[in-house]
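I have placed the structure first, in the form of structure tokens, so that the comments after it can refer back to it.
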Amino acid sequence: MKIKLLLITLASFLMAACGVEKQILEDILIAEVVGYDDAGDKKIKGTVVVSVPQPGEEAALGKEVYEADSHDIKAARQQENAKTPYPIVGGRLTVTLYGEELASKGLNDYVDTYRRDPMVGRDLYLAVVHGKAEDVVKMEPKLIKTPGVQVKELIEQNIRTNLPNVDLHRYLYACHGNGIDPVLPLLETTGDQIRVRGIALFKKDRYIGKYIPYEEGFLYKVLSENFKLGSYEIKWKENDFTDINNVESRVHYHISNANQDPKVRIEVKMKASLLEVQGYDLGKEVDLNKIEARAERVIGKKLNEMVTMFQENHIDPLALGDHAKSKTRNFDQKHWEETYPDIPIEVDLDIEMIQTGIAE
Amino acid sequence: MEVKPNETKQISPFFVFFLMPGMQIGVGILGFERIIAKEAGQDAWISVLISGLIINVLLWMCFKLLGRGPQTLDLVAIHKDLFGKWVGNAFNILFILYFIMISIILIRTYLEVIQVWMFPGVNVLMLITIILILVYNFVEGGFRVITGFCIIGLIIASPLFLLNYFPLKYAHFENLGPLLDHSFLEIMKACKKMTLNYLGFELILIYYPFIKNREKSQKWAHLGALFTMVIYVVSILVSLAYYHQDQLKDVIWATLTLWKIVDLPFIERFEYIGISVWLFMVLPNVCLGVWAASRTAKRVFGFRQKKMMVLILIIILVFCIFLDNRYRIDKFNTVSSQIGFYIVYLYLPLLFIWQSIVYKVRGHKS
């Protein structure tokens with residue numbers, strides 16, 4: 001019994017000497033949004049927003065921006081530390097932004113640290129900024145919202161309607177997998193606001209400089225995943241618009257003969273409702289059918305154009321290559337990649353209007 | 001030399017169900033996906049299933065080995081019976097080393113996880129010492145205490161298996177197709193790589209005398225091994241759906257990285273809790289390993305088990321200090337996996353066949 005007691009005491013003494021680094025909330029700066037830009041000469045410029053705890057019981061979190069130039073991300077962090085009173089930690093990082101220029105040179109080197117660092121969560125959002133990332137980062141602290149992060153909420157809000165589901169895990173999934181290319185949200189600053197400009201298209205880790213505009217993000221979402229929100233404006237003629245509201249949209253990919261002469265059919269089934277109509281009488285059955293047919297034609301054409309655009313740029317954000325692989329025995333990756341730009345891809349759109357709102 | 005533990009030291013056959021996964025599920029599950037997916041890609045789960053079933057066949061062999069002769073109730077007795085005192089003891093010593101090796105892998109790999117994921121600056125020597133003191137306390141308590149600890153560990157860690165729910169919203173189940181697109185050889189190679197994760201069932205050869213109503217324990221042992229298999233199959237299925245195959249190749253601790261996606265309102269980084277709770281899975285493992293090693297040593301050399309245990313703990317401590325970087329740990333893991341593979345897949349069946357022959361000959365003589 002005495003020996004046991006001794007052992008327990010000994011263990012607790014040893015525990016005190018385990019050399020674990022302490023991180024007390026008041027003594028660290030929590031990085032929330034960080035942006036990287038190309039600074040020429042193989043250097044990058046890192047800009048980071050940190051929240052600074054203020055004394056007082058109900059004091060709001062203050063925010064501060066630091067910036068530094070360096071060759072890699074961790075060194076930039078170190079450089080920033082040269083200016084801060086407390087160490088910056090990345091455990092609660094929510095958004096990482098990359099400047100357009102840096103993104104077009106390839107992001108692999110600058111995402112690697114987030115893939116490797118166990119401190120970083122997998123729900124981190126990555127985004128490309130039209131222009132310089134630091135502009136968006138610097139705009140951040142002006143906003144009243146604390147401690148939530150404006151950019152994060154902006155992306156999260158739009159993921160429900162116009163942006164595809166993108167976070168670090170999904171980016172890595174698409175970037176490392178054969179037969180998929182990632183997409184990231186494209187942000188920009190207009191006046192004193194941050195705005196989603198669209199969806200930046202990537203070839204593996206390189207931003208190809210093209211993007212899907214925000215309004216058409218809905219169409220991309222329709223093609224790439226099943227979802228339940230969002231709306232799209234159809235233009236009939238000049239000054240004549242209808243707004244289609246998505247109730248439920250489902251997509252299926254049918255890929256045949258992937259090893260020899262591939263054919264792809266993308267089947268989209270959408271249940272929609274009408275919330276705003278100009279120039280139609282909804283009370284009549286005929287008109288509703290007309291709208292359906294018309295909407296199918298207009299949106300279908302747009303979808304086809306989008307898919308063709310992907311093929312022309314040799315990118316595969318819809319993961320068709322991956323779908324083909326999972327459905328083909330002895331899949332020939334090389335052959336697929338060679339033929340991809342010329343594969344006939346047919347988009348089959350079926351819209352069903354299930355509601356017309358509460359007014360007749 | 002007859003072994004007959006006092007009835008107060010024995011356990012009910014039902015508890016074998018907990019001892020099986022208690023020894024089989026250790027640190028391997030935190031990152032086995034990468035290694036087998038490298039070989040068999042989307043068919044890796046089939047390999048997990050197949051090797052799980054093979055393990056059950058081997059387990060059946062173990063029970064056959066144990067039941068045959070008079071008084072051959074554990075491995076030491078079987079060896080002595082078949083090979084005589086000297087050769088038999090040589091084999092016994094090999095097994096002692098093997099159990100020590102398993103314990104070293106468990107502790108060192110778990111500490112590596114702590115070092116990489118939680119505290120890079122942690123003092124490894126101190127932490128190992130603390131863990132070994134804990135192990136000493138448990139093993140000193142005897143086999144019943146260890147069994148109890150196995151059960152508690154399994155109960156405490158079992159909520160972690162529910163975490164498989166969270167990656168499901170990211171799951172691409174079409175990743176599993178096309179089914180059986182890999183050759184038989186590739187699937188078998190993955191089976192071989194899977195062995196290390198199923199090791200531990202052969203401990204039944206050591207603790208068999210400690211089971212009351214031994215005949216009834218076989219059913220529970222098989223159920224326990226099947227339970228382990230189910231856990232592994234679910235883990236690999238979820239990982240294959242969550243990661244892209246090409247991505248999985250770079251993820252060292254796939255299961256742990258998977259926990260990162262867990263998003264609960266009150267906790268941001270669930271893997272920290274997960275890793276800490278996992279100690280309750282690792283510790284019973286180590287205890288069983290050390291217990292088996294010291295028990296066999298006692299039977300071979302005739303010293304008191306406590307003395308042998310202290311010696312074994314010191315050996316473990318020295319080895320853990322020596323294995324101080326990822327490269328060495330990885331190499332040690334690979335080598336032990338090989339040794340474990342040959343012991344389980346080659347030595348056990350050979351022993352089984354040899355025993356059958358010997359008993360047949362003896363039967364003719366008498």
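Structure notes:
- Looking only at the stretch A:177-204, residues that are within 14 Å of another protein chain (Cβ to nearest Cβ) and at pLDDT 90 or above come to 3 in all.
- Options A:G198, A:G179: the member that is open to solvent by less than 50 Å² (accessible area, probe 1.4 Å), outside any helix (DSSP H, G or I) and without any contact (Cβ under 8 Å) to a residue 24 or more places away in the chain: A:G198
- Restricting attention to the stretch A:235-279, the residues that are under 30 Å from A:Y340 (Cα atoms) and either of a type in the set (A, V, I, L, M, F, W, C) or assigned to a loop (DSSP other than H, G, I, E, B) (or both) add up to 12.
- Members of the stretch B:329-366 found to be out of contact with any helix residue (DSSP H, G or I) (no Cβ under 8 Å at 6 or more places or on another chain), more than 19 Å from B:G200 (Cβ to Cβ), open to solvent by 50 Å² or more (accessible area, probe 1.4 Å) and not hydroxyl-bearing (S, T, Y), listed by number: B:D330, B:K331, B:L350, B:I353, B:I357, B:K360, B:V361, B:R362, B:H364, B:K365
- Any chance B:E268 is more than 14 Å from chain A (Cβ to nearest Cβ), surrounded by fewer than 23 Cβ atoms within 10 Å (Cβ to Cβ), farther than 18 Å from B:V27 by Cα and of a type in the set (D, E): no
- Test: residue in the stretch B:221-228 that is part of a helix (DSSP H, G or I), within 14 Å of chain A (Cβ to nearest Cβ) and farther than 28 Å from B:Q305 by Cα: no
- Of the residues B:F184, B:F166, B:F119, B:F173, the single one that is farther than 22 Å from B:L313 by Cβ, surrounded by fewer than 21 Cβ atoms within 10 Å (Cβ to Cβ) and away from every other protein chain (no Cβ under 14 Å) is B:F184.
- When the criteria are applied in full, B:K212 meets the requirement of being in contact with a strand residue (DSSP E or B) (Cβ under 8 Å, 6 or more places away or on another chain) and open to solvent by 20 Å² or more (accessible area, probe 1.4 Å).
- Summed over the stretch A:296-344, the residues that are of a type in the set (V, I, T) and within 14 Å of chain B (Cβ to nearest Cβ) give a count of 1.
- A count restricted to the stretch B:1-28 and to residues that are of a type in the set (V, I, T), surrounded by fewer than 24 Cβ atoms within 10 Å (Cβ to Cβ) and modelled with pLDDT of 90 or more stands at 1.
- Taken together, the residues in the stretch B:275-290 that are of a type outside the set (F, W, Y), under 23 Å from B:A254 (Cα atoms) and out of contact with any Cys (no Cβ under 9 Å at 6 or more places or on another chain) amount to 8.
- Here B:I275 clears all of (1) surrounded by fewer than 19 Cβ atoms within 10 Å (Cβ to Cβ); (2) within 12 Å of chain A (Cβ to nearest Cβ); (3) touching a residue at least 60 places away in the same chain (Cβ under 8 Å) except the condition numbered (1).
- Residue count for the stretch B:125-138 satisfying the condition of being more than 24 Å from B:Q305 (Cα to Cα) and either more than 10 Å from chain A (Cβ to nearest Cβ) or surrounded by 21 or more Cβ atoms within 10 Å (Cβ to Cβ) (or both): 1.
- Any hit, the stretch A:110-122, residues being within 14 Å of chain B (Cβ to nearest Cβ), modelled with pLDDT of 80 or more, open to solvent by 40 Å² or more (accessible area, probe 1.4 Å) and assigned to a loop (DSSP other than H, G, I, E, B): yes
The values are calculated or read from the model by the stated rules, or taken from the named source; none is laboratory data. Predicted model only: the values in this text are computed from it and were never measured. All Cβ positions, even for glycine, are placed from backbone atoms using ideal geometry, and neighbour counts span all protein chains on display. Remember, those area values only see protein heavy atoms, side chains included, never the ligands or the DNA or RNA. Shrake-Rupley method; radii C 1.70, N 1.55, O 1.52, S 1.80 Å.
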